[in-house]
Amino acid sequence: MKRTHHCNELRSEHIGQTVTLTGWVHSKRDLGGVNFIDIRDREGRTQTVFDPQDVPQAICDVAAGLHSESVIEVTGKVRQRPAGTNNDKIPTGQVEVLATELTVLNQAAVLPFVIDDPEVAAKVNEEMRLKYRYLDLRRPEMLRNMRLRSKVAIATRSYMDEQGFLEIETPTLFKSTPEGAREFLVPNRREPGTFYALPQSPQQFKQILMVAGVEKYFQLARCYRDEDLRADRQPEFTQVDIEMSFIEREDIYALIEGLLKRVWKAALDMDIPTPFKRLTFEEALNRFGIDKPDTRFGFELVDMTEDFKGSSFKVFSGAVASGGVVKAMNAKGLACVTQGQMETMTDYAKSFGAKGLAYIKVESGEWKSPIVKFFSDAEKEALKTKLQIEEGDLILFAADQWLTACEILGKIRLYIAEVLQKTGKLTIDPKRFDFLWVVDFPLLSFDKEQNRWYSSHHPFTSPVAEDIPKLVSEPKAVRGQHYDIVVNGVELGGGSIRIHQPDVQKTVFEQVLQIPPEETQSRFGYMLEAFKYGAPPHGGIALGFDRMIATLCGTPSIRDVIAFPKTAKGTDLMTDAPSVATARQLKDLRLEVKAAPPKDQS
RNA sequence: GGGGGCGUAGCUCAAUUGGUUAGAGCGCUGCCCUGUCACGGCAGAGGUUACGGGUUCGAGCCCCGCCGCUCCCGCCA
C-alpha cells in the first residue's frame, strides 16, 4: 500500500505535502459541486475534498457514489482549510486533503445499522451488534476497549517478566475432573468412548509446575466452564494465572498490588494507593453482607442480636433462640419508598431465601411500621443509637441464621444503591476504585442436601497451619489460607497457599471431602504422586482478566471487552456456533446423537 | 431448572381502553445544492407487528404455545 500517513496524523506542518490515506468512508457531505469525505482509520479521521475545479469530473462522480464504510485510498495535497472552516472537534481539523486520486478498494453495501454516530450506535440491539461484530468493533468505543485490553495484557507480561516469572502454556485438552464447574467434553477419536475435558483453569498444571521447579509461573490462560452465563460470565474466559514457590500470603498480596498498580497506570494513567485494605470474611459479611463488598457507599449492616434476643417480637427473638441473628440496615433518606417499591424489595429478598423484609419508615417524626408496636422502649432506643436513626430514614431487618441474614441485607444494600444511583440520589465517582483483600475464609462449607463438607475454594487450598489438627474433628473451625482481591464490589480474583504435603492432601480428599480412595487415585493420583518427590510450599492466584478490563473500561458486561463473545445461551450469532456435526464426524467418534435435531428458527 | 423484561420499516422508537389506510427520526433511492463536518432542501420507496395457534364483529395490543436477545435466582470447587 502506498499509505503515507494515518488518518490522525496530518497537522499544519504537513501543508503542501502530497499524501496518501487509506481507510473507511466515515461520512460524506455532497454539496452538489464540492464533495467532502471524511476518511477514517483506527487512529482517527481526516477530511478529504473532491472539488470539480481541481480534479476530473469522473473522480468526483466516483466519490459522490460511495457508500458509508467503503474502503478507499485517497491521494492529494494537504492544505490549510479556508478561514472559518476549521473543525475543532477532530485533531486533524486544521487541514484537509485536496484529492487528486481516488481508488475504491471495497465498495460497502448499505449497512445494517449506523456506526458513525456514537449515540445512535450505542443503542443498537446487542443481538445486531453480535451478528455484525466486525461492524460493532469498528466503533471507536469498542476499539478503545480492545486497545486497552491489549495494553493491559502487555503491561501484565512486562511486569511479571520483571518480577522473574516465566510465561508457560498449559494444555487445553485436559483430563476430566468432575468436581466443581461443569466441563466441556471433547471426544477422543483414537479411543472412542474416552474424552478430554477443557480445563476450568490450569490449577493442577500450575501446581505441577511448582513441583517441576519453575518457582514462578504465570499465563494469560483461557478457561472453560459449561455453566449458565451472566453479564460477567462467558463459557470461555481469560485468567491471569499465577503460581509461586517458597512464599507466604503476604508475598502474593505484595505481588498483586504491584501488578494492579502497574495495570491501572498503563490503562488509565492512575496511581492507585497500596497496600490495599484487608477485611476478614467474617467482617465483610457482618458489615456488607457479601464476601466481595463494594465500599464506595455506606448503608452498612448493624448487628442487633443482643438487643432483640428477649424481644416480644417473636420473629426476632425466635431467630436468636434458634442460633440465628438479627441484622439491620439504615437506608438513609429512603423513607419515601412507595408501597410498591417496598413490595419489590420484599420479593427480591424472598428470592434469596428471606421469609419477609421487616422495615421501619421514619416520616414526620414517626416510626411507621407494622412491627414497631412489638418493640420495647429499650429496643427502640438501641435501634436509634446503633443505627443513628433520623427523619427520612428507612430501616430494614433480616432475622435468620448468620450467613443468610447477612446475605439478604447485603443484596438489598446493593439493590438500594442501584435504585438511588438511577434516581440521582447517590453519585459514585466513576474514577473511584476501592480495592481490598478479603481473607480468612472458612476452608470448608457444608452441603445440607448431600450431607457432606465441600471446599469453599478448591480442595488444594492449604488450611492455616495451626488448624490442621482440626480438619477431621472440627472441619467448621478450619480456616483456609485463601484470599480474594475485590474492587468496587467485583471479585477480581482469588487464590490460596496450596497444600504441598501428600498426607494432608490425602486427608482432605478422603476423610474431609469423603471422596473414595479409588476415585482420589484415578482423578488426582498423579498429583499425590508428584507431591512425593519434593514439592515446594507454593501458592498462587488467578485474576479474571475480562472482569478487570471491564472494570477499567467502566462497562458492566464483559461482552464489551471480548472481541467475539457468546450470548447468554452460549451461541455465537456471527458464526452460528454451536452447530450439528456431520454424520461422518459422528461416525469417526462412534457417537450417536439421540436428541432431536434443533428446530429451524426463522 | 426457575423468575422478570424485551421483540412493530434496514436501525432507534411511537401507536389512547381492543377500533378507519400501523406513524416519526435516522438510514436508503431519485432530484436540487460549490465550504460542509449530525451539511441543507424537495420527492419517494420500504411492514406477514419474531413465529404458530386461540378469543373477538374486529388483535401490534388479550390468552396459549414457541423461537431469539437480555437481567436475576439456582449453578459457577
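By the Kirkwood approach, averaging reciprocal distances over each pair of separate Cα atoms, segment A:150-275 gets a hydrodynamic radius of 16.4 Å.
For segment A:215-251, chymotrypsin sites (Phe, Trp or Tyr not before Pro) are listed when DSSP marks them as loop and at most 12 other Cβ atoms sit within 10 Å of their Cβ; the list is A:Phe246. Annotation: peptides A:361-371, A:292-302, ranked by per-residue average of other Cβ atoms within 10 Å with the highest first, follow the order A:292-302, A:361-371. Placing dummy labels 7 Å off each Cα toward the beta-carbon, the span from A:Lys368 to A:Cys336 is 1.3 nm. Counting only residues at least eight positions apart within a chain, or on another chain, the lysines with an alpha carbon under 20 Å from that of A:Lys28 are A:Lys77, A:Lys89. Between A:Glu250 and A:Glu529, the contour length at 0.36 nm per residue exceeds the alpha carbon distance by 97.6 nm. Seen from a random direction on average, the alpha-carbon convex hull of segment A:232-282 projects onto 5.7 square nanometres. Placing a label point 7 Å from the Cα of A:Glu510 along the Cα-to-Cβ direction, the residues of segment A:522-549 whose backbone N falls under 16 Å from that point are A:522-532. If only the Cβ of Lys and Arg carry +1 and only the Cβ of Asp and Glu carry -1, the dipole of segment A:12-106 around its Cα centre is close to 200 debye.
Modelled spin labels at A:Lys422 and A:Ser312, positioned 7 Å past Cα toward Cβ, are 4.0 nm from each other. Per-atom-type breakdown for chain A gives carbon and sulfur 51% of the accessible area (1.4 Å probe, protein chains only).
Cross-linked pairs A:Lys411/A:Lys476; A:Lys292/A:Lys350; A:Lys292/A:Lys327; A:Lys261/A:Lys411; A:Lys327/A:Lys470; A:Lys175/A:Lys261: Cα-Cα separations exceed 28 Å for A:Lys261/A:Lys411; A:Lys327/A:Lys470; A:Lys175/A:Lys261. From the alpha carbon centroid of segment A:128-200 to that of segment A:373-421 is 43 Å. Given q = 0.17, 0.18, 0.23, 0.24 Å⁻¹, what are the Debye log10 I(q)/I(0) values for segment A:12-106, with equal point scatterers placed on the Cα positions and solvent ignored? Result of the Debye calculation: -0.66, -0.75, -1.27, -1.39. Here A:Lys277 sits with roughly 130 square angstrom of accessible surface, probe radius 1.4 Å. Computed over the alpha carbons of segment A:539-586, Rg followed by Dmax gives 15.8, 47 Å. Across the protein chains, with a 1.4 Å probe defining accessible surface, the residues A:Ile242, A:Ile562 rank A:Ile562, A:Ile242 from largest area downward. Its DSSP H runs of at least 4 residues, each contributing -39,500 (n - 2.57), put the calculated 222 nm mean residue ellipticity of chain A at -8500 deg cm²/dmol, to the nearest 500.
Which FRET efficiency value, to the nearest 0.05, do you get for A:Arg432 and A:Tyr134 by plugging their Cβ-Cβ distance into 1/(1 + (r/R0)^6) with R0 = 45 Å?
After rounding, the FRET efficiency stands at 0.85.
Rounded to the nearest 20 debye, the dipole size of segment A:360-508 about its Cα centre is 260 debye, using +1 on the Cβ of Lys and Arg and -1 on the Cβ of Asp and Glu. From most to least packed by mean Cβ count within 10 Å, the peptides A:148-161, A:491-504 give A:491-504, A:148-161.
To the nearest Å, what is the center-to-center distance of segment A:433-471 and segment A:244-286, using C-alpha atoms only? Rounded to whole Å, the Cα centres lie 21 Å apart. Summarising the label geometry, the points placed 7 Å from Cα in the beta-carbon direction at A:Asn106 and A:Thr582 lie 2.8 nm from one another.
Under 20 Å of direct C-alpha separation, and excluding same-chain neighbours fewer than eight residues apart, A:Lys277 reaches these aspartates and glutamates: A:Glu248, A:Glu250, A:Asp251, A:Glu257, A:Asp291, A:Asp294, A:Glu300, A:Asp429, A:Asp434, A:Asp440, A:Asp484, A:Glu491. Remark: the A:Ala563-A:Glu236 segment gains 116.5 nm on full extension, using 0.36 nm per residue and subtracting the alpha carbon distance.
One quarter of the convex hull surface built on the alpha carbon atoms of segment A:209-312 amounts to 11.8 nm², the projected area averaged over directions. Under 18 Å from a point placed 7 Å out from the Cα of A:Asn451 along the Cα-to-Cβ direction: which residues of segment A:494-512 have their backbone N that close? Those under the cut-off are A:511-512. Only alpha carbons enter this Debye calculation for segment A:297-422, each as an equal point scatterer, and the log10 of I(q)/I(0) it gives at q = 0.11, 0.13, 0.15 Å⁻¹ is -0.32, -0.46, -0.63. The share of Cα pairs per 10 Å bin across chain A, counted from zero up to the longest distance, runs 3, 13, 19, 20, 19, 14, 8, 4, 1, 0 percent.
Relative to one another, the C-alpha centroids of segment A:530-563 and segment A:342-356 are positioned 33 Å apart. Protection proxy ranking of A:205-214, A:512-521, A:188-197, by the mean of other Cβ atoms within 10 Å over each peptide's residues and highest first, is A:205-214, A:512-521, A:188-197. Remark: segment A:12-106 carries 46 Å² of accessible area per residue (probe radius 1.4 Å; ligands, DNA and RNA excluded).
Rank A:Leu443, A:Ser376, A:Val419 by how far each Cα sits towards the positive end of the charge dipole of segment A:367-496 (+1 on Lys, Arg Cβ; -1 on Asp, Glu Cβ) and give me just the farthest. Checking the options against the dipole of segment A:367-496, the answer is A:Val419. In the structure shown, the pairs A:Lys506/A:Lys594; A:Lys2/A:Lys151; A:Lys314/A:Lys361 are assessed against 32 Å; a Cα-Cα span above that value is assigned to A:Lys506/A:Lys594.
The values are calculated or read from the model by the stated rules, or taken from the named source; none is laboratory data. Being a predicted model, the structure only gives us computed values, none of them experimental. A quick note on method: Cβ atoms are made from the backbone with ideal geometry, for glycine too, and the neighbour counts reach across all protein chains shown. Ligands, DNA and RNA are stripped out before the accessible areas are found, and what is left, the full protein with its side chains, is counted by its heavy atoms. Shrake-Rupley method; radii C 1.70, N 1.55, O 1.52, S 1.80 Å.
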